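Student: The following block contains the structure, expressed as structure tokens.
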Amino acid sequence: MTVVLPKGGNVPLPPGTGRVRVVVDSAAGPELDGSVLLLTASGRVRGDADFVFYNQPRSIDGCVAIEERSARQEAVTVDLARLPPEISTIVVAVSTDGQPVGAVRGLHVRVHDAPGAGDLLTPGPEIVRFEVTDAGAETAFVLGELYRRSGHWKFRGVGQGWTSGLAGLATSYGITVDAPSAADRPLPPAGSGPLPGPAPGRPTAAGIRDPVSTAKAARLEKQLAVAAPAMVDLVKRAGVSLRKKGMSEHRARVALCLDISLSMSALYSQGKVQRLCERILALAVQFDDDGSCDVFTFGGRGHDEGPLDLRNYQDWVAGLRRHRKLEGATNYAKAMGMVRQHYFPDSRGRQRSQPRPDHLPVYVMFVTDGQATDKRAARDQITWASYEPIFWQFMAIGRSSRNVGAGAAASPRRSGLGGLVDRLLESNFSFLEELDEMTGRFLDNANFFSVADPTAIGDDQLFDLLMYEYPRWLTQARAHGLVIGT
């Protein structure tokens, strides 16, 4: 029986599924080109060879291939059983020659079981289907993702895109592309097969990166040289990750939500929270002209701790510990409501069901080591905040199925009592996975990953992770009128 997914919904593939065929169909409107990206746990490709599209229709190991059969149908064959273990997500996308995806009628994607080679026109049983109903001006669009969770494969209906075409999609996942040339020529009709070589004006797996604003770089260097010379390298590293996403000139307000529950005690005393604060401040310096990050803490209650900036960052956590005791609960919603009210006072931290636009988006880094004790209230806050220009990046400290960095390749789960402990540790963050994937929101406004130790993950990888889903959200927030004029 076919499962029909809502936007953002997900479903596990049947046990034992080893090979699938993902078929993209449309009924009318602009013709589409299919593309596929093979991503690691960092949300990025390993290299240009992990971008499968019309100029490169097969992955280097043959596990993923695009098969084109008509102007209205393309299929991606994915051999899940043979995929390298470091590949955790297969992104299935389409692009146009500049016309809006919203003009395509009957656009949907379906996943079929494909136990053998078979024939594209007679695939195996349909497992899941996702129908696109709200595409707009986007010219590149992610239809869905096959992704690995705890050793099992699932499929998610995504339904989000870019107005910058295939080049925008590719750069968002770490691919560099050639800039369009003046000698652009019309695209060949869909169904004519892959091009024999790179076409002028179409992306290839090499080329240009987002240019850095020399004025901004000079201003930051001067500001840091005076105020915080020790932060120069960290801020530059944050800037590199932004350039890779084409966001060198992007402006946003940055907030940090810190867990102050009792279980965080060692992380505070060992200096790990202080180091994390400095890294988030580096991102804030790149994003915000005032070079500061607003900090909120949460435990049994929520607290507005004021700004973390280049003048006070060096002993900021020590100062926090002097006036703020750790608390005996983990109430996410307390801080969430305070963040919303701080930036959008008209919300009063309460229910919202209509879009609330603003010129500057808010990027929230939400750090915790424990399960929420107020799940229903936290779900409500994320749902209401989806109508506001706020993006929530959740980072859990501990073990989960989404661990990245050092400790991500965890040892096999133990048996007996040790295995029970392992399962309990992993389940601590199942609620954060739920917030990441929950339906019923105006926009998908959250992302989640976990680390075993926040100081064991390198600066470059952390900044790349922080920018994994935010650019996609930003594109959607602009398209739906939440972010205006930037």
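The values are calculated or read from the model by the stated rules, or taken from the named source; none is laboratory data. On a predicted model such as this, the values are computed, not experimentally measured, just so you know. Because the Cβ atoms are built from the backbone with ideal geometry, glycine has one as well, and the counts that use them run over all protein chains shown.
Student: Testing ARG243 on (1) within 22 Å of ALA477 (Cβ to Cβ); (2) touching a helix residue (DSSP H, G or I) at 6+ places or on another chain (Cβ under 7 Å); (3) of a type in the set (D, E, K, R), one condition comes back false. Which one is that?
Tutor: ARG243 satisfies all of (1) within 22 Å of ALA477 (Cβ to Cβ); (2) touching a helix residue (DSSP H, G or I) at 6+ places or on another chain (Cβ under 7 Å); (3) of a type in the set (D, E, K, R) except (2).
Student: Of all residues in region 110-154, how many are in a strand (DSSP E or B) and either modelled with pLDDT of 80 or more or closer than 27 Å to GLY168 by Cα (or both)?
Tutor: 23
Student: Let me ask something else. Taking the options ARG279, ARG243, ARG275, name whichever one is at pLDDT below 90 and assigned to a helix (DSSP H, G or I).
Tutor: Among ARG279, ARG243, ARG275, only ARG243 is at pLDDT below 90 and assigned to a helix (DSSP H, G or I).
Student: Quick check: is even one residue across region 392-413 in contact with a Phe, Trp or Tyr (Cβ under 6 Å, 6 or more places away or on another chain), surrounded by 15 or more Cβ atoms within 10 Å (Cβ to Cβ) and farther than 30 Å from GLU86 by Cα?
Tutor: no
Student: Let me ask something else. Kindly provide the set of residues from region 327-348 that are closer than 19 Å to ILE260 by Cβ and either part of a loop (DSSP other than H, G, I, E, B) or in contact with a Pro (Cβ under 6 Å, 6 or more places away or on another chain) (or both), ordered by number.
Tutor: GLY328, ALA329, THR330, ASN331
Student: Separate question: When both residues are 6+ apart or on different chains and their Cβ atoms are under 9 Å apart, which pairs have a first residue that lies in region 119-148 and is outside the structural domain of THR17 (by TED's automatic domain parsing), and a second that is at pLDDT 90 or above and among the basic types (Lys, Arg)?
Tutor: Partner pairs satisfying both residue conditions: none exist.
Student: Now for a separate question. As an exercise: evaluate ARG46 against (1) in contact with a Ser or Thr (Cβ under 7 Å, 6 or more places away or on another chain); (2) part of a strand (DSSP E or B); (3) at pLDDT below 90 and give the number of the one condition it does not meet.
Tutor: (2)
Student: Could you go through region 317-333 and let me know if any residue there is under 22 Å from ASP233 (Cβ atoms), crowded, with 20+ Cβ neighbours inside 10 Å and out of contact with any Ser or Thr (no Cβ under 7 Å at 6 or more places or on another chain). It would help to see each step written out before you state the result.
Tutor: Kept after step one, since they are under 22 Å from ASP233 (Cβ atoms), are these residues of region 317-333: 317.
From the residues that got through so far, the ones that are crowded, with 20+ Cβ neighbours inside 10 Å too are 317.
Checking which are out of contact with any Ser or Thr (no Cβ under 7 Å at 6 or more places or on another chain) leaves us with 317.
Yes, region 317-333 contains at least one residue that is under 22 Å from ASP233 (Cβ atoms), crowded, with 20+ Cβ neighbours inside 10 Å and out of contact with any Ser or Thr (no Cβ under 7 Å at 6 or more places or on another chain).
Student: I'd like the full set of residues that are closer than 25 Å to MET1 by Cα and either within 19 Å of the chain's Cα centre (by Cα) or aliphatic (A, V, I, L, M) (or both), limited to region 126-142.
Tutor: Correct list: ILE127, VAL128, VAL132, VAL142.
Student: When SER88 is evaluated against the numbered criteria (1) of a type in the set (Ser, Thr, Tyr); (2) closer than 14 Å to ASP33 by Cβ; (3) modelled with pLDDT of 90 or more, which criterion, by number, is the only one it fails?
Tutor: Checking SER88 against (1) of a type in the set (Ser, Thr, Tyr); (2) closer than 14 Å to ASP33 by Cβ; (3) modelled with pLDDT of 90 or more, the one that fails is (2).
Student: Quick one: is GLU434 acidic (Asp, Glu), assigned to a loop (DSSP other than H, G, I, E, B) and modelled with pLDDT of 50 or more?
Tutor: For GLU434, the condition - acidic (Asp, Glu), assigned to a loop (DSSP other than H, G, I, E, B) and modelled with pLDDT of 50 or more - is not met.
Student: Take the residues in region 88-105 that are of a type in the set (S, T, N, Q) and not in a strand (DSSP E or B); name whichever of them is nearest to GLY161 (Cα to Cα).
Tutor: Looking at residues that are of a type in the set (S, T, N, Q) and not in a strand (DSSP E or B), I get THR96.
Here's the yes/no breakdown for (1) closer than 14 Å to GLY144 by Cα; (2) free of Cβ contacts under 8 Å to residues at least 40 places away in the same chain; (3) among the aliphatic types (A, V, I, L, M):
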position: LEU13; (1), (2), (3): yes, no, yes
position: VAL23; (1), (2), (3): yes, no, yes
position: ALA28; (1), (2), (3): no, no, yes
position: ARG44; (1), (2), (3): no, no, no
position: PHE53; (1), (2), (3): no, no, no
position: PRO84; (1), (2), (3): no, yes, no
position: GLY98; (1), (2), (3): no, no, no
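Student: Residues of region 49-67 being assigned to a strand (DSSP E or B) and closer than 22 Å to ALA167 by Cβ, which ones?
Tutor: As a first pass, look at region 49-67 and keep what is assigned to a strand (DSSP E or B): 51-53, 56, 58, 64-67.
Matches in region 49-67: PHE51, VAL52, PHE53, GLN56, ARG58, VAL64, ILE66.
Student: Out of (1) in a loop (DSSP other than H, G, I, E, B); (2) over 18 Å from TYR470 (Cα atoms); (3) modelled with pLDDT of 95 or more, the odd one out for GLN351 is which?
Tutor: That leaves (3) as the condition not met.
Student: All but one of (1) among the hydroxyl-bearing types (Ser, Thr, Tyr); (2) modelled with pLDDT of 90 or more; (3) farther than 22 Å from GLN160 by Cβ hold for SER70, so report the exception by its number.
Tutor: (2)
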